[in-house]
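Notes for the one structure printed next.
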Amino acid sequence: MATDLIINATSYEVRIALLEHGELVEFYLERPSERGLAGNIYYGRVSRVLPGMQAAFVDIGLERNGFLYVDDVNIGAQQVDNLANGNGHNHDDDQMPPESLSKREPGMNIDDLLVEGQELLVQISKEPIGSKGARLTCNITLPGRNLVFMPMTDHIGISRKIENEETRSRLKEIIENLRPADTGFILRTVGENATHALLEADMEFLLNLWMEIQDSAAVHKAPYLLYKDLDTTLRVVRDVFSPSVDRVVVDDKATYERVWQFVQNFAPRLLNKVHHFAENIPVFDAYGIGTDISRVLNKKVWLRCGGYIIIENTEALTVVDVNTGRYVGKRDLEDTIYKTNMEAAKEIAYQMRLKNIGGIIIVDFIDMEQEAHREEVVRILQEAVKRDKCRVNILKVSEFGLVQMTRKRSREDIVQIMCEPCNCCAGNGWVKSRRTVAYEIFRRIAKERLPGMVRAAIKVNPRVAAMMLKDEASTIHEIEDDLQIQIIIEPDSHLAVEKYAIIWGSDNSTTSFPALKKGHT
């Protein structure tokens, strides 16, 4: 499979595209002004313990305190020793009793583990969203090229995508012989063919990095940023660039040199695959990626057969609806539905990976009568998600004909990064109809008309104005007769459908238009 990693870097934005056979399958975006915080490690101070929520707020130096659930509290033995021996800045035994400094055992509550004023190491596991602070964890992870280091966990894990049992056993034995006691490591998929020497070098790098983080915590006062994760460019190169990738193409010279140096340090055998794109045309245009990116934001995705899927994001979950659309089939209705669902299953797996849809996902396939068809559609979906690096769990078709799944959220949804709530509809996805706006205006005229006012000039969107003058002309005349006023409709192309203003005037006076707000004068 021809696989290319294309990096377009500017001072204001970095865009990275992963292509398989020329098709865009993953898209990464980072803006320096909005750089993510996930993966950063902080020396934080507990500002408030909430037994009723089994959580605590932790001050990590950001605008809003982070949120730490009891399940994410795990103060490792080494950290306990450092804090209990006075390596840190909270030496008040009344504030931080020794019994609170212990690894979490089943059934322990948040106030058994933490007290206000306590200092501890935490890592951001989920970005701050809206008014919510960052989600924190004490289960620190440090990703390397081939390994992920878990200093608070005594565990060895091997990527599920490495299926050969002999290979898994060999790699697990190497890690077991290399790792220090009471530490954990997970071998990443990219490390499937890693040698003993490569794993040892990776492990040594991660252990030294962890030691530097601990040393920094010992000399700084909370809150303090101890470790900043790699930027998107190097993180994608670290996580995605493997022997299966044919080329890494970078258009910016400085970024190319950073990538080249990074690969030389961590994967020198792949260095000949890193290329600088020095042509006069934009690199994304050269690879025909621009059009594909513009389609990433579409909620409606057409299938080759003529059917389509609708992808709707909500705060709690993502809903996918499958429709036959223009596809009428060739044999019978059941066959038409089955073929549409089969193609939709593959497209849904592709769209989840491309848009980076995470969390709970509900798929409403078209109802199928035959049980064999339902099972085959789920099988095709399970097969299609195997190419996804993020972990996906899929349940069987429910009694309501829905397929429920979860996908690990590794980074922000592309739509959330590239879009913001609509200024007209306030993020609802809908705006009031022209007729609804017109009737709202009529009610306000009747309500706000004062004695002596004989004229109401209404400034509205041209589409609303056209509807009012054509379809509601009789209503306007009726209101004029009832209130003994003159109504003047003034189209304004600068106004959105829901925005309008009403100017009241007497025989000898007029007022200027007020500041416009949606649905208000």
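Size estimate for the range 370-451 follows the Kirkwood approach: the inverse of mean 1/r over distinct Cα pairs works out to 17.9 Å. Taking the alpha carbon gyration tensor of the chain, multiplying each eigenvalue by 5 and rooting it gives semi-axes of 51, 34, 25 Å, largest first.
For the chain, the dipole from Cβ point charges (+1 on Lys and Arg, -1 on Asp and Glu) about the Cα centre works out to 1240 debye, to the nearest 20. Taking every DSSP beta bridge that has both ends in the chain, the antiparallel portion is near 75%. Distance from the alpha carbon centroid of the range 192-206 to that of the range 347-400 works out to 36 angstrom. Positive contributions from Lys and Arg (+1) and negative ones from Asp and Glu (-1), summed over other residues with Cβ under 9 Å from the Cβ of residue 320, come out at -3. Considering only chymotrypsin sites (Phe, Trp or Tyr not before Pro) in DSSP loops that have at most 11 other Cβ atoms within 10 Å, the longest stretch of the chain without any of them is 13-399.
For the chain, the membrane-span-like helices by this rule, meaning whole DSSP H stretches whose C-alpha atoms cover at least 27 Å of axis and whose Kyte-Doolittle mean is -1.0 or above, are 196-219, 333-355; this says nothing about an actual membrane. Only lysines eight or more places from residue 470 in sequence, or on another chain, were considered; those with a Cα closer than 18 Å are 459. If you take all other residues with their beta carbon under 13 Å from the beta carbon of residue 61, and give Lys and Arg +1 and Asp and Glu -1, the sum is +1. In the range 434-505, the inverse of the mean reciprocal separation of distinct Cα atoms equals 12.1 Å; this is its Kirkwood hydrodynamic radius.
Residues with beta-carbon under 12 Å from that of residue 439, excluding residue 439: net charge, scoring Lys, Arg +1 and Asp, Glu -1? Net charge around residue 439: +2. Considering only alpha-carbon pairs that sit under 8 angstrom and 6 or more positions apart, the relative contact order computed for the chain is 11 percent.
Centre-to-centre separation between the Cα atoms of the range 150-178 and those of the range 30-59: 30 Å. In the distance distribution for the range 298-417, Cα-Cα pairs more than 22 Å apart total 29 percent. Here is the link list: 126/396; 253/408; 447/499; 132/396. Which ones come out longer than 23 Å on Cα distance? Result: 126/396; 253/408; 132/396 exceed 23 Å.
Every number here is computed from the coordinates shown, using simple stated rules; none is lab data. Every value quoted in this text rests on a predicted model; they were computed, and no experiment measured them. All Cβ positions, even for glycine, are placed from backbone atoms using ideal geometry, and neighbour counts span all protein chains on display.
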